[in-house]
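See below for the structure under consideration.
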Amino acid sequence: MNLQLVGINHKTSSVSQREKFIINETNQVALNRYLKDTFGERFSSSFGLSTCNRTELYLYSDIEDHIEILNSVKGFLGCDEIDNECFYSFEGEDALIHIARVASGIDSQVLGEQEIFGQFKMSISAARDQFLIPKPMNYYIKKSIEIVKKVRTETRIGLNPLSVSGLSVNLIKNIFEDPKSLNVLIIGAGSLGKSVIENLYQKGITKISAVNRSSKEITINENFSIVSSSLQRLEDEIKYADVVITSINTELPILGKGLIENTLKSRGAKPILLIDLGVPRNIESSISSIEQVYLYTIDDIEKITQDNYGERLIEAEKAGNIIVREASKAISSIESANQKSEVIDLLDPYLTKLDQKDLIKITNSNDIHRDLIEHLEDSNFRIEIITKLDKHILHSMVKRYIHDA
């Protein structure tokens, strides 16, 4: 089996397509069961990463046809209408390189953005909690994190870091002459919502309110915190907002055209800026046709910035070279570790049955492969697996059972 991935991102698709292809902790266990039922022994496990820019499914399997995987996932998610040309796939070393590029921020629309690494680690944590990362797959995941840390240490890709939340605040500053006087409403109190509030506060914008599914205190520092209202107060809160920024997890838009039209009746001709950071989208696209409304989606936001782009581009090239070099060095050790782990798991029930004398004889043999095979000839063990292992590795494995005997 091998590391594989299929994905869709901002380079290959629109937000209206990406919002239909979401894989995260809410549905990946069911998807895992579905793929296991579909592919049987060819499939081990998988987990997903969904962000503003992309959704990717990381698999450990030996399914050779990636289109077969993709079509199964699309069928499970109910988005068969998305053209396969909107997707990409990688395997083995290429998959490891791609994952490291994504997690380091150099594959993001906002080149070098910092939030993706945290999102990547959160997706791993959720997958581990759901027992979706088997040991062989974990070698790749751990190595990808090591590579990203090396990139962050040895390049300046993280210098003057950019983020989606930071870009939202920059947009507000570019549109309004006096942003500090604005009433800003945040919909959603998750990590992205909190990051937006932090960026607003740092720019001196403090007239901030929030609504969320449940009441939640959002603390920025010892001097500033806000308590979110429930979604029942959404319409009332919008009446007083100059800017609304949404970042809530929802399958359907939370702001519809009718709600905004009703709200605008009590605002007179006062315009409102809506910034939708959600994928799937939090705001109906039809709202953009309302004269007093200025609507920006995540794709719009990320096309705005060119701040220190040239410097980030140079550092991204350095980062890419480091990733390719480190992945190439890592792949053989990962494959060796996976092979060793597989043999240990398979050998264990057989070696535990051998007595001390036989184990000592095997470890003292001039041809450990031959002697071990002789002891396993009458069993159902797959003999060819042993021949793939280096004799020194095999020796240390068998010797461990002598100490345990």
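The values are calculated or read from the model by the stated rules, or taken from the named source; none is laboratory data. Here the structure is a predicted model, which means the values were calculated and not measured. All Cβ positions, glycine included, derive from the backbone under ideal geometry; neighbour counts span all protein chains shown.
Annotations for the structure displayed:
- Residue within segment 271-280 that is of a type in the set (D, E), assigned to a strand (DSSP E or B) and either over 30 Å from C79 (Cβ atoms) or touching a helix residue (DSSP H, G or I) at 6+ places or on another chain (Cβ under 8 Å) (or both) present: yes
- Residues that are of a type outside the set (D, E, K, R) and not in a helix (DSSP H, G or I) were ranked within segment 60-83; the one that is nearest to the chain's Cα centre (by Cα) is Y60.
- So R152, is it out of contact with any Lys or Arg (no Cβ under 9 Å at 6 or more places or on another chain), under 20 Å from G7 (Cα atoms) and not hydrophobic (A, V, I, L, M, F, W, C): no
- Yes/no for V184 being touching a Leu at 6+ places or on another chain (Cβ under 8 Å), among the aliphatic types (A, V, I, L, M) and more than 17 Å from G112 (Cα to Cα): yes
- Among residues of segment 106-120 that are free of Cβ contacts under 8 Å to residues at least 40 places away in the same chain and surrounded by fewer than 24 Cβ atoms within 10 Å (Cβ to Cβ), those with a beta-carbon under 9 Å from a residue that is outside any loop (DSSP other than H, G, I, E, B) and not charged (D, E, K, R) at least six positions away or on a different chain give the pairs F117/A103; F117/S104; F117/I145; F117/V148.
- Against the test of being surrounded by 18 or more Cβ atoms within 10 Å (Cβ to Cβ), of a type in the set (G, A, S) and out of contact with any Cys (no Cβ under 8 Å at 6 or more places or on another chain), the options G40, G7 yield a single qualifying residue, G7.
- A single entry from L264, L234 fulfils the requirement of being modelled with pLDDT of 90 or more, of a type outside the set (S, T, N, Q) and out of contact with any His (no Cβ under 8 Å at 6 or more places or on another chain): L234.
- Residue match in segment 105-117 (condition: over 20 Å from the mean Cα position of the chain (by Cα), modelled with pLDDT of 85 or more and closer than 22 Å to N249 by Cβ): no
- If the condition is being charged (D, E, K, R) and in contact (Cβ under 8 Å) with a residue 12 or more places away in the chain, then segment 147-176 contributes K150, R152, E154, R156, K173.
- Residue check, R370 basic (K, R) and at pLDDT 70 or above: yes
- Selection count where residues are buried (at least 21 other Cβ atoms within 10 Å of the Cβ) and either hydroxyl-bearing (S, T, Y) or under 14 Å from L167 (Cβ atoms) (or both), scope segment 200-213: 1
- Pick from segment 272-306, criterion polar (S, T, N, Q) and within 24 Å of the chain's Cα centre (by Cα), ranking: modelled with the highest pLDDT: N282
- Leading residue by the ranking (farthest from D65 (Cα to Cα)) among those in segment 20-32 that are among the polar types (S, T, N, Q) and crowded, with 16+ Cβ neighbours inside 10 Å: N24
- In this structure, E64 does not qualify as under 30 Å from Q339 (Cα atoms) and in contact with a Leu (Cβ under 8 Å, 6 or more places away or on another chain).
- For segment 101-119, the tally of residues that are assigned to a helix (DSSP H, G or I) and of a type in the set (D, E, K, R) stands at 2.
- Residue in segment 169-185 that is farthest from A95 (Cα to Cα), counting only those that are part of a helix (DSSP H, G or I) and of a type outside the set (S, T, N, Q): K180
- Exactly one residue out of N170, N221 is in the same structural domain as S289 (by TED's automatic domain parsing), within 26 Å of V15 (Cβ to Cβ), of a type in the set (S, T, N, Q) and surrounded by fewer than 20 Cβ atoms within 10 Å (Cβ to Cβ): that is N170.
- Qualifying position, being more than 15 Å from the chain's Cα centre (by Cα), surrounded by 18 or more Cβ atoms within 10 Å (Cβ to Cβ) and assigned by TED's automatic domain parsing to the domain that holds K121, among L57, L35: L35
- When every residue of segment 11-19 is checked against the conditions, none turns out to be surrounded by fewer than 23 Cβ atoms within 10 Å (Cβ to Cβ), of a type outside the set (K, R), over 19 Å from I124 (Cα atoms) and without any contact (Cβ under 8 Å) to a residue 24 or more places away in the chain.
- Residue match in segment 307-321 (condition: touching a helix residue (DSSP H, G or I) at 6+ places or on another chain (Cβ under 8 Å), modelled with pLDDT of 90 or more and within 29 Å of R18 (Cα to Cα)): yes
Conditions tested, residue by residue: (1) assigned to a loop (DSSP other than H, G, I, E, B); (2) at pLDDT below 90.
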residue	(1), (2)
K121	no, no
L132	yes, no
I141	no, no
K149	no, no
N160	yes, yes
L167	no, yes
